[in-house]
Amino acid sequence: MIWLRKVFLYDGRSLREGKWDLLLEKGSVTKLVPSESNSLQEEDVFYDLEGFMACPGFVDLHAHLRDPGQTWREDIYSGSLAAAAGGFTHVVAMPNTTPAVDEPSIVRYVAEKGRVAGGARVLPSGAVTVKREGRRITEMLAMKKEGAVLFTDDGSPVISAKAMRIALLYLKDVGVPLMEHPEELSLSEGGQINEGRVSALCGLKGIPRSSEIIGAERAIRLCEETSGRLHLTHISTKEALEAIRRAKERGLPITCDVTPHHLLFDEETILHSAFSSSLKVNPPLRSGEDVEALWRGLEDGTIDAIATDHAPYHVDEKDVVFEAAPFGIASLECAVAAVIDRWNRRGRPFSKERLFELFSTGPGRVIGLERKLKLGSKADLTIIDLNLEGKVDVANWKSKARITPYDGFTFKGWPVLTILEGKIVYNRLKEEVCHAL
């Protein structure tokens, strides 16, 4: 039994007025009362959280936890602890593992390990096609029964349009979305960074923006034809975002997410970093104009979620010359803080409700995970101190990753408590905030 005292409360719809006390018992919120009217009993244990924000637990729709088969990079245990340290109560593990998560037994493996990992709850996704080869679709209904919350061939697009069309039709009955990585591989093959000024200056082969735009347009057309639920992940170009905006206006069942690194960095950052391989990502960092378009998409509601696309590598694999490095960024433990800090510094109105929606209720809706804070709701909470300043130190991460472009950055606004089903799975607070009367 734990009391959380004097918090500002985002209940999943709006910020409630005043400060609130919440009692967590047996995995649920059993009392929710205004702080000024609450009288604690002598045996009560409570956290004094005056001025902090309490939100329904944050959800990361897109993380590569490398388990099974690539566990020198990350595993379900380390990824679960890293996600909790980043403020997430739930994290969706991508299926581009070895072997791919393309059959019910492997979904069960991820789900069972994810339930007992000790940090955030790890939710499995399933591959759309067998071995992610783009030919034959997987046993999606059986995989859903084992716990798959979405289906994707991420790491690459669904190569065959025919396979994607069949999958979208089938998933209408299964009741979960298809997450598509929008990329036309024939255009992006061999590319290193965004095609543009920076690629021309440095002589690296560029990845044209048309690769993402064509991939997004293809997926939208198939969604329109089938009415299957589509989620487009890690959008990086203004044109792809505009295509999604138009599709939503037509009433298509489409959602999308954007990553923190596509909000904080652009292609010029690669130049300024002296071509740090930690900034080699797919889709690549785009232009400053694209970054601004993504921020507008957050503010106007076009974008449904912020997802990390956490993709860690061993330092021996990643800390090499830019051209030889794999694509991927490690960010689970600082993604929320990075977005809060940058949003605050933009000089535009900062909507707390919109921020919490993008990390909590928005991604929750995509996978059918209710995100509410009310009497009787599941006690999944993320507690944020918007005034806490902290420095990213990758050497102390729960993740196995030891290389990230965020290392050494100071951000203001951090998750300080992560609570899953009433159990504290991450605690950044100082001891003096926990009391017993």
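Each reported figure results from applying straightforward, stated rules to the coordinates on display, with no laboratory input. Here the structure is a predicted model, which is why all the values come from computation and not from measurement. Cβ sites come from the backbone with ideal geometry, for glycine too, and all protein chains shown count toward neighbours.
Computed 3J(HN,Hα) for the range 233-241, one whole-Hz value per residue from the Karplus formula 6.51 cos²θ - 1.76 cosθ + 1.60 where θ = phi - 60°, is 9, 5, 5, 10, 10, 5, 5, 5, 5, glycine and proline marked x. A simple spin-label model places pseudo-atoms 7 Å from Cα toward Cβ; at K31 and W72 they are separated by 5.4 nm. Among the GluC sites (Glu not before Pro) within the range 182-258, those in coil by DSSP and having at most 14 neighbouring Cβ atoms inside 10 Å are E189. Listed values for the range 245-256 are Karplus-derived 3J(HN,Hα) couplings in whole Hz (6.51 cos²θ - 1.76 cosθ + 1.60, θ = phi - 60°), namely 4, 5, 5, 5, 5, 7, x, 6, x, 10, 10, 7, and x replaces Gly and Pro.
Distant-in-sequence amide contacts of H310, defined by a placed amide H-H separation under 5 Å and a gap of 5 or more residues or a different chain, comprise H64. Decide, for the range 149-203, between rounded, prolate and oblate: order the square roots of the alpha carbon gyration tensor eigenvalues as a ≥ b ≥ c, take rounded if a/c falls under 1.5, and otherwise choose prolate if a/b is larger than b/c, else oblate. Judged from the Cα gyration tensor, the range 149-203 comes out prolate (a/c at least 1.5, a/b above b/c). Think of it as helices only: each DSSP H run of n ≥ 4 in the chain is worth -39500 (n - 2.57), and spread over all residues that comes to -8500 deg cm²/dmol at 222 nm.
Summary value for the range 57-367: 17 percent relative contact order, contacts being C-alpha pairs under 8 angstrom separated by 6+ residues. Summary of packing: across the peptides 386-396, 13-23, the per-residue average of other C-beta atoms within 10 Å ranks them, highest first, as 13-23, 386-396.
Here's how it looks for E180: its modeled amide H is under 5 Å from those of H231, L232, T233, which are all 5 or more places away or on a different chain. Of all DSSP beta bridges confined to the chain, the antiparallel ones make up roughly 55%.
Between 0 and 90 degrees, the angle of helix 104-115 with respect to the longest Cα principal axis of the chain falls at about 30 degrees. Descending by average beta-carbon neighbour count within 10 Å, the peptides 48-58, 296-306, 339-349, 311-321 line up as 48-58, 296-306, 311-321, 339-349, the highest first. Once both axes come from the Cα atoms, what is the angle between helix 335-345 and the longest principal axis of the chain, in degrees from 0 to 90, rounded to 10? Here the helix axis deviates by roughly 90 degrees. Pair-distance distribution of the chain: all C-alpha pairs, bin width 20 Å, starting at 0; shares per bin in whole percent are 27, 59, 14, 0. Full extension of the chain segment joining D44 with E133 gains 26.5 nm, where the gain is 0.36 nm per residue of separation less the Cα-Cα distance.
Backbone geometry of the range 52-58 corresponds, through the Karplus equation with coefficients 6.51, -1.76 and 1.60 at θ = phi - 60°, to 3J(HN,Hα) couplings of 7, 9, 10, 10, x, x, 6 Hz, x marking Gly and Pro.
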